[in-house]
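**Q** Pasting a structure below so you can have a look.
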Amino acid sequence: MSAGTFPWLKGHGTENDFVLLPDPDGSIHGELDASLVRFLCDRHAGIGADGVLRVIEGSKQSYVEDGGDWFMDYRNSDGSVAEMCGNGIRVFVRYLVDAGLAGDKPVRVGTRAGIKEVVLNDDGTLTVDMGEPVLPGPVGIVVEANGHQWPAQHVDMGNPHAVAFVDDLSEPGHLIDQPAWSPEEAFPSGVNVEFVVRTGPNDVSMRVHERGAGETRSCGTGTCAVAVASARQARQERPVTYRVGVLGGSVTVTWREDNHLEMTGPAVVHARGDFDRAWLPA
């Protein structure tokens, strides 16, 4: 690799796709520039992705007090910083395992939403302890899209989610634009909005608009928020397990008796290369 290039990889979890930037000591990209993130995520001029995962050794980052074994510096495709990404963290650990940087024990991944432990299963899927959900309210949240309104449940998974149950997943229309919500002060930093249909007692399907990315094929923290909202709607007690269908496949979410959520799903790293800095826009 010459001084004018930097390495990248491409991967996805249930078709929520990411550019990975190996930067173990944090020296290649410094404070990751939002314009670089937007360019790399551009599906026409760049590599194309829903977000960027920078891979830094936990002891070499300066973002949080405990960076874990490795720190996941995650950015949305618009360049904004996000606290956590459930699909991204599976892809992140899949890369570490493939690169020989993680052993058999759980990998402690530092995020801006705290430490998350990730385990590689025998069947190749990965299970993430996503921590405890927070239900901060307020009550009476309403989301709006395509001329329709629905009541929504606020579930915080380190990042905020508004979960709305609909009769048909086509009702919200296209989700390129951010759905509106009220009261506005409920989500001062924006929100991920999930639209959900129940397809069985413990089976749901969803679409999602992710803040900073638009509609994506999947959202890992969103699947956890949906499992919580679905269990509460059905008045089910913990432990309870849901299969959550997304446009890019499905994951399994278990809301454990100790109030932690475990998400299990696939992840793959399928491309890699070197990016020439000369190609970056001025």
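**Q** Would you work out the charge dipole size for the chain about its Cα centre, treating the Cβ of every Lys and Arg as +1 and the Cβ of every Asp and Glu as -1, and quote it to the nearest 20 debye?
**A** The dipole of the chain has a size of about 280 debye.
**Q** So how do 135-141, 24-30 stack up, highest first, on mean other-Cβ count within 10 Å?
**A** Per-residue Cβ counts within 10 Å, averaged per peptide and sorted highest first, yield 24-30, 135-141.
**Q** May I ask you to derive the FRET efficiency for Ile28 and Glu185 from their Cβ-Cβ distance with R0 = 51 Å, giving the value to the nearest 0.05?
**A** It comes to 0.85.
**Q** Pop out the ³J(HN,Hα) list for segment 180-192 in order, Karplus 6.51 cos²θ - 1.76 cosθ + 1.60 with θ = phi - 60°, rounded to Hz; leave Gly and Pro as x.
**A** Karplus-based 3J(HN,Hα) across segment 180-192 equals 7, 8, 9, x, 4, 6, 5, 9, x, 10, x, 7, 7 Hz.
**Q** If you put +1 on each Lys and Arg Cβ and -1 on each Asp and Glu Cβ, how big is the dipole of segment 1-108 around its Cα centre, in Debye rounded to 20?
**A** Computed charge dipole of segment 1-108: roughly 240 debye.
**Q** For the chain, calculate the relative contact order in percent as a whole number, restricting contacts to Cα pairs under 8 Å that are 6 or more residues apart.
**A** That works out to 21 percent.
**Q** Whenever you get a sec, line up Ser80, Ser62 from highest to lowest accessible area (probe 1.4 Å, protein heavy atoms).
**A** Final ranking, largest accessible area leading: Ser62, Ser80.
**Q** Could you work out the relative contact order of segment 142-265? I mean the mean sequence separation of Cα pairs under 8 Å and 6+ apart, divided by the number of residues, in percent.
**A** Relative contact order here is 20 percent.
**Q** Once every DSSP H run of n ≥ 4 in the chain is given -39500 (n - 2.57) and the sum is divided by its residues, what mean residue ellipticity at 222 nm do you get, rounded to the nearest 500 deg cm²/dmol?
**A** -4000 deg cm²/dmol
**Q** List the pair-distance distribution P(r) of the chain, using every Cα-Cα distance, as the percent of pairs falling in each 5 Å bin from 0 up to the bin containing the longest distance, rounded to whole percents.
**A** 1, 6, 13, 18, 19, 17, 13, 8, 4, 2, 0, 0
**Q** In whole angstrom, how far apart do the alpha carbon centroids of segment 188-266 and segment 1-78 sit?
**A** Each part's Cα centre sits 25 Å from the other's.
**Q** Under 1.5 on a/c is rounded, so check that first for segment 125-253, then, if it is not, pick prolate when a/b is larger than b/c and oblate when it is not; a ≥ b ≥ c are the square roots of the alpha carbon gyration tensor eigenvalues.
**A** Note, shape of segment 125-253 comes out rounded.
**Q** Residue by residue, what Karplus-based ³J(HN,Hα) values in Hz, rounded to whole numbers, does segment 272-279 have, using 6.51, -1.76 and 1.60 with θ = phi - 60° and x for Gly and Pro?
**A** Those phi angles translate into 7, x, 10, 9, 7, 4, 5, 7 Hz.
**Q** Within segment 191-282, which trypsin sites (Lys or Arg not before Pro) sit in a loop by DSSP and count at most 12 neighbouring Cβ atoms inside 10 Å?
**A** Qualifying residues, ordered by number: Arg235.
The values are calculated or read from the model by the stated rules, or taken from the named source; none is laboratory data. Note that this is a predicted model, so its numbers are computed, not measured. Don't worry about glycine lacking a Cβ; one is built from the backbone with ideal geometry, like all the others, and counts go over all protein chains shown. What goes into the accessible areas is simple: the full protein's heavy atoms, side chains included, and nothing from ligands, DNA or RNA. Shrake-Rupley method; radii C 1.70, N 1.55, O 1.52, S 1.80 Å.
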